Amino acid sequence: MSDRETLGTLLEQHGTTYAEEAGIRLRDTPQPLYQLLVLSHLLSARIRASVAVAAAKALFAHGMRTARRMADATWQQRVDALGEGGYRRYDERTATQLGQGAELLLDAYGGDLRRLRREADGDVDALRAGLRRFPGMGPMGADIFLREVQAVWSEVAPRLDPKALQGADRLGLPTSPERLTELADGHDPAVLAAALVRAALHKG
């Protein structure tokens, strides 16, 4: 099987972004961008991606879909929603961090991550540094956010981070982001990145 066929099969089977899996209709507007920030935070913990997605869905189902609603929720409401999604190992610390992060987003950016984007002014490193200001958003969380947001923030694309390249290597594909993008035949780079990450995380 050629590299292009291997990648085509991967995209066919695993070409779903984590935002899409969590029910986030990603657009360049405050609510879905905030939801992606929450999801990226949850995905960055040492926990199965499926559990992080379920926890994000539970938070959103309980109304915590904006920074204001997250900040207004009680700590116990956040803990309960995380527990409902199976996110128990880190629920108490994460509930605190989500509350702090929501307050920071409201205070610094009026609840709107597009202001952070404008502040970064096309500098992806500055954007990454800004994301890392949020409690619990380490380098991995920032990478996850950027990997997914490239679908709507064009200055980030194409972004294939080390985890995505690890997936390419595991499949015997080239590990050059430019070559992988070329082989993907016009697929959304966020979809390409997510499929490669799923390959990296696949057990077996």
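Some observations on this one:
- Neighbours of M137 by Cβ distance under 12 Å: Lys/Arg scored +1, Asp/Glu scored -1, total +2.
- For the stretch 1-64 versus the stretch 78-154, the spacing of their alpha-carbon centroids is 14 Å.
- Expressed as a whole percent, the accessible area of the chain that falls on carbon and sulfur atoms is 46 (1.4 Å probe).
- Comparing R179, R48, R27 in a Gaussian network model of the chain (Cα springs below 10 Å), the most mobile by mean-square fluctuation is R179.
- Considering only L160, Q31, A67, the residue lying farthest towards the positive end of the dipole of the chain is A67, judged by Cα position with unit charges set on Cβ.
- The candidate values are [x] -0.69, -1.21, -1.52; [y] -0.79, -1.18, -1.37; [z] -0.68, -1.10, -1.31; the one derived from this structure for log10 I(q)/I(0) by the Debye sum over Cα atoms at q = 0.13, 0.17, 0.19 Å⁻¹ carries the label [z].
- For the chain, the relative contact order comes to 25 percent (Cα pairs under 8 Å, sequence separation of at least 6).
- Note on R48 and D125: their simple-model spin labels are 3.9 nm apart, each label 7 Å out from Cα toward Cβ.
- Mean accessible surface per residue for the chain, computed with a 1.4 Å probe while every protein chain stays in place, in Å²: 47 Å²
- Between H202 and S154, the simple spin-label model (points 7 angstrom out along Cα→Cβ) gives 3.3 nm.
- Given charges at beta-carbon only (K, R positive; D, E negative), |dipole| of the chain in Debye: 600 debye
The values are calculated or read from the model by the stated rules, or taken from the named source; none is laboratory data. This structure is a prediction, so every number in the text was calculated from the model and none was measured. Neighbour counts run over all protein chains shown; Cβ positions are idealised from the backbone, glycine included. Calculation scope for accessible area: heavy atoms of the full protein, side chains included, ligands and nucleic acids excluded. Shrake-Rupley method; radii C 1.70, N 1.55, O 1.52, S 1.80 Å.
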